[in-house]
1. Out of residues 5 or more away from residue B:30 or on other chains, whose amide H comes under 5 Å of its own, with H placed 1.01 Å from N in the peptide plane?
2. Going by Cα centres, region B:103-135 and region A:208-228 are how many Å apart?
3. In nm, give the distance between the simple-model label positions of residue A:147 and residue B:264, each being 7 Å from the Cα along the Cα-to-Cβ direction.
4. When a/c is below 1.5 the answer is rounded, else prolate if a/b is larger than b/c, else oblate, so apply that to region A:196-241 with a ≥ b ≥ c taken from the square roots of the Cα gyration tensor eigenvalues.
5. Placing unit charges on C-beta atoms (Lys and Arg positive, Asp and Glu negative, everything else neutral), compute the dipole magnitude of chain B about its Cα centre in debye, rounded to 20.
6. Can you return the lysines within cross-link range of residue A:37? Criterion is Cα-Cα under 22 Å, with same-chain partners fewer than 8 residues away left out.
7. My understanding is that a pair violates if its Cα-Cα distance is over 32 Å; which of B:102/B:215; A:100/B:11; B:15/B:177 do that in this structure?
8. For a protection proxy built on the mean count of beta-carbon atoms within 10 angstrom, sort A:125-131, A:10-16, A:74-80, B:142-148 highest first, please.
Amino acid sequence: MTIFLHELKRSKISLLIWSCAIAFMLALCVFIYPEMKSQMDDISTMFADMGSFSAAFGMDKINFGTFIGFFGVECGEIMGLGGALFASIVGISALAKEEKEHTAEFLLTHPVSRERVLIEKLLAVFVQIIILNLISALVTVISMLAVGESADAEIMFLLFLSYFIMQIEVASITFGISAFIKGNGLGIGLGIAILLYFLNIVSNLTEDAKFLKYITPFGYTEGAEIISNSAIEMKYVAVGIGLMAAGIVVAFIKYRKKDIG
Amino acid sequence: MKAIKTENLTKFYGKSRGITHVNLSLDEGDFFGFIGPNGAGKSTTIRTLLGLISPTKGSGQVLGKDIVKDRIEILSQVGYLPSEAVFYNGMRVGDILTYSAKLHKTDCKDEAKKLCERLELDTSRRVDELSLGNRKKVGIVCALQHKPKLYILDEPTSGLDPLMQREFYELLTERNKEGATVFLSSHVLSEIGRYCKHAAIIRDGEILVSDSVEKLGHTGVKRVTLQGAEDIPQIDGVKNVTHEKDSVSFLYSGNPKNLLSHLTNIAFTDFTVTDPDLDEVFMHYYGKEDN
């Protein structure tokens, strides 16, 4: 587990900053809810009247008057986009940063197989995502207790679970791409996360674009859907798991034979 | 068993040439120099031997193991120093040495300490604050601390001051006497001439010659110096003419009798004929095709 521990040690500051930033935003969201609750009736009516703009963000199907409704959309955006950006950064840089910083030569001239490098690095990526999500969930629960709000535990769990699966999928896809690039892949990683996010917005705008939900992992993190169905849309998750596996398999195929320049 | 053996080892990067039909053979216990200018294919050969890049054609064995199939077994017995030693920014020298030892699954703290003392390396410094020479020292300790059977060193002395270069070669000579094999690439010919038993010269990705350093000096080319002379004999085979204050010197490759008969027509006070040094041998091989 030498490489795994080394990876975690190297990324602890970045993980701490991302976790704090996302957790802080979530806490902020929870703390402002009591203030907003009194005005919620007007806001809900306003959102309902905004037509396709509301639909794009899933706000047409949700009741802002309840905490879970508010959390599902507002906090979902933070956890979804923030988590996806983090996942894409750790995924894309896992392998590429060693080549960019010319440390791959150091690592791969030690008696470690490429497969071991891949497994330990991937594990480090997943563990970072787990830590980020645990901190975020914990801070959310503490904030809820602090403001005296409660929500259906199962739905809260499903919301966080969907964000977690989505981040694992984004990280796996960018990890696969990471095996192909030698330079700084940060732009590619962030670009993919943002593209997937916008694909979901487009898919909410028109029925014709509904199929995009199969492509983007944001399709199954839609707070409005999860809250109203009390379930995650498994058909989208199934495709997501397929893409996740594809990213990992591609990384193994490519990196095992890759020339390290 | 050979320490390194390659047969027609070839690497192309797409269409561009890396190395072509490289045949090397090193006995265990050898001190072998690999000579060539930048871009000749030294690093490509080394990186192929270490499994960093896959050969396009040909085969190779290191310590009797196949370079493609047995990469891990090879690397566990090899100490490698890259030409540009790069480490993880922000880490301290001591942490890098420990990480390298852990990847080798050995505890070599005592050996690392001894090496750091001899090379005057401060283990508490951060690697990104180090000078090129000090980074090289970190690389040297990483390559030597686990006491491997074979040392593969790519341009090992670049960046080291002369005192450190001497200390480094003393370390290598000690390890070589203990039975380890040393394979180093360099374009500093004097150090190859001084320390190596055998050497190979590579040009444009191909091995031009591989032999003992002693034999490489006997190329059929002679360095002729004429004291008190102003002219040189006007015959074929004369090249690399240098005029100094009171003498003229040139390399001659050809029939010695022909040279002697032409020398009788020239005025000079004294003359010497010597084997050229390694620099001149190198230039001889490199100049062959150009001339």
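1. Result for residue B:30 returns B:182.
2. 53
3. So the label points at residue A:147 and residue B:264 sit 11.1 nm apart.
4. Numbers: a/c = 1.82, a/b = 1.26, b/c = 1.45.
Oblate, since a/c reaches 1.5 and b/c is not below a/b.
5. On the way: 38 positive and 41 negative charges, 248 e Å.
For chain B, the charge dipole is close to 1200 debye.
6. Partners within reach: A:61.
7. Details: B:102/B:215 43 Å; A:100/B:11 22 Å; B:15/B:177 42 Å.
Over 32 Å apart, Cα to Cα: B:102/B:215; B:15/B:177.
8. On the way: A:125-131: 19.7, A:10-16: 14.9, A:74-80: 23.4, B:142-148: 21.9.
Ranking the peptides A:125-131, A:10-16, A:74-80, B:142-148 by packing returns A:74-80, B:142-148, A:125-131, A:10-16.
The values are calculated or read from the model by the stated rules, or taken from the named source; none is laboratory data. For clarity, every value in this text was computed on a predicted model and none was experimentally measured. Every residue, glycine as well, gets a Cβ built from its backbone with ideal geometry; the counts of neighbours run over all protein chains shown. We work out accessible area using only protein heavy atoms, side chains counted, and drop any ligands, DNA or RNA first. Shrake-Rupley method; radii C 1.70, N 1.55, O 1.52, S 1.80 Å.
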